[in-house]
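Structure, as structure tokens:
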Amino acid sequence: MSDQIDTRITASLHPGNVRALADFSEADASFVGQVETAFSTAFEGLRQVHDAREAARKNPTWNEAQQIIATDDLARKTLDRATRAFDSAKANLDKTISSYEAQLTQPVEAKAALSVCAEIRAHVKGLTVPERLKFVQDAIANGDHTSASAVLGAPSYLSGLEGETAAAFTRHYHETGSPEVARRVRLMKAARGLITDKGGLIFKETEKAVGMRPDRVAALRRAKDDAERAFILKDA
């Protein structure tokens, strides 16, 4: 996987962008490895097309149209390979993210006896809304699993919490208890964001590497095909 810069290609497609993500670490590299490979496939493919265009210009037997068509032949193959790599990487990320998200949103299991949990929830429900929120926040922050799980391990209305608030606290509870899972989810979401935000640049960059708009290349191909038909030997 190349880490070389090529000024002919936008840096937004360089695979190094994956390792530059805030939550990236070598320990978690495998979780975004396919994304890095996809960007490398795109970047190296574009480099190859640029190199091919330069080589075509040096062919004394080709006019400009022949150079463009030959370059475009290669560009189509590299573009197909890159887009398939991006699609595959994103699809696999979506599956893995969903799996890890399930861990962060699963119901909380109460850590104390039912009677104790009921008393804790009754106490929380009797607090004001700000006090109630602070109680749960402090319990999670201080590692008070008994109190936090008593509130979050039962229907939210028993503690006086709104459903969305309880869901947010549940996620925060799991993220606090499993920081490595939370970090990996952030990393994978950021990597998916790179594909979503930057992957589409491959089309414009391919056009730049070929040196002509796709519609004009298509017109050249049609003209070439029409001309070649004149040289087909026909029956008398």
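Any idea how many residues of the range 176-195 are more than 10 Å from Leu93 (Cα to Cα) and among the charged types (D, E, K, R)?
4
In this structure, is Glu207 over 19 Å from Ala22 (Cα atoms) and modelled with pLDDT of 95 or more? Break it down stepwise before answering.
Numbers: over 19 Å from Ala22 (Cα atoms): yes; modelled with pLDDT of 95 or more: yes.
For Glu207, the condition - over 19 Å from Ala22 (Cα atoms) and modelled with pLDDT of 95 or more - is met.
Output the residues belonging to the range 197-236 that are hydrophobic (A, V, I, L, M, F, W, C) and free of Cβ contacts under 8 Å to residues at least 40 places away in the same chain.
Initial filter on the range 197-236 (hydrophobic (A, V, I, L, M, F, W, C)): 201-203, 209-210, 212, 217-220, 223, 227, 230-233, 236.
If the condition is that a residue be hydrophobic (A, V, I, L, M, F, W, C) and free of Cβ contacts under 8 Å to residues at least 40 places away in the same chain, then Ala218, Ala219, Ala227, Ala230, Phe231, Ile232, Leu233, Ala236 are the ones that fit.
Yes/no per residue for (1) at pLDDT 95 or above; (2) more than 30 Å from Ala223 (Cβ to Cβ); (3) within 20 Å of the chain's Cα centre (by Cα):
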| residue | (1), (2), (3) |
| --- | --- |
| Asn17 | yes, yes, yes |
| Glu26 | no, yes, yes |
| Gln34 | yes, yes, yes |
| Thr37 | yes, yes, yes |
| Ser40 | yes, yes, yes |
| Arg47 | yes, no, no |
| His50 | yes, no, no |
| Arg53 | yes, no, no |
| Ala65 | no, no, no |
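Return the only residue of Arg53, Arg81, Arg76 being more than 17 Å from Arg8 (Cβ to Cβ) and touching a Ser or Thr at 6+ places or on another chain (Cβ under 7 Å).
Working: Arg53 fails: more than 17 Å from Arg8 (Cβ to Cβ); Arg76 fails: touching a Ser or Thr at 6+ places or on another chain (Cβ under 7 Å).
Result of the check over Arg53, Arg81, Arg76: Arg81.
Of all residues being among the charged types (D, E, K, R), part of a helix (DSSP H, G or I) and over 19 Å from Ala209 (Cβ atoms) in the range 7-49, which is least open to solvent (accessible area, probe 1.4 Å)? Just the residue, please.
Filtering the range 7-49 down to residues among the charged types (D, E, K, R) leaves 8, 19, 23, 26, 28, 36, 44, 47.
Next cut, part of a helix (DSSP H, G or I) only: 19, 26, 28, 36, 44, 47.
Those still in the list that are over 19 Å from Ala209 (Cβ atoms) too: 19, 26, 28, 36.
On the way: Arg19: 101, Glu26: 127, Asp28: 1, Glu36: 19 Å².
Looking at the filtered set, the residue picked out is Asp28.
Pull out all pairs, ordered by first then second residue, where Cβ-Cβ is under 7 Å, the residues are six or more apart or on different chains, the first lies in the range 126-153 and is within 19 Å of Ala110 (Cβ to Cβ), and the second is open to solvent by 40 Å² or more (accessible area, probe 1.4 Å) and among the charged types (D, E, K, R).
Correct list of pairs: His145/Lys111; Thr146/Lys111; Ser149/Glu109; Ser149/Lys111; Gly153/Glu109.
Ala52 fails exactly one of the following numbered conditions: (1) surrounded by 15 or more Cβ atoms within 10 Å (Cβ to Cβ); (2) in contact (Cβ under 8 Å) with a residue 24 or more places away in the chain. What is the number of that condition?
Among (1) surrounded by 15 or more Cβ atoms within 10 Å (Cβ to Cβ); (2) in contact (Cβ under 8 Å) with a residue 24 or more places away in the chain, the lone unmet condition for Ala52 is (2).
State yes or no: is Leu194 touching a residue at least 24 places away in the same chain (Cβ under 8 Å) and either more than 30 Å from Ala85 (Cα to Cα) or not in a helix (DSSP H, G or I) (or both)?
Taking the combined requirement at face value, the residue does not satisfy it.
Okay, residues lined up against (1) of a type in the set (Val, Ile, Thr); (2) touching a Leu at 6+ places or on another chain (Cβ under 7 Å); (3) surrounded by 15 or more Cβ atoms within 10 Å (Cβ to Cβ):
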| site | (1), (2), (3) |
| --- | --- |
| Glu175 | no, yes, yes |
| Lys189 | no, no, yes |
| Arg222 | no, no, no |
| Ala227 | no, no, no |
| Ala230 | no, no, no |
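Do you know which residues across the range 68-121 are among the β-branched types (Val, Ile, Thr) and under 30 Å from Val136 (Cα atoms)? Full working, then the answer.
If we filter the range 68-121 for residues that are among the β-branched types (Val, Ile, Thr), which is where we start, we get 68-69, 71, 78, 83, 96-97, 105, 108, 116, 120.
Selection gives Thr96, Ile97, Thr105, Val108, Val116, Ile120.
The values are calculated or read from the model by the stated rules, or taken from the named source; none is laboratory data. None of these values were measured; they are calculated from a predicted model. Using ideal geometry, Cβ is built from the backbone for each residue, glycine included, and neighbour counts are taken over all protein chains shown. In case anyone asks, the SASA skips ligands and DNA or RNA and just uses the protein heavy atoms, side chains included. Shrake-Rupley method; radii C 1.70, N 1.55, O 1.52, S 1.80 Å.
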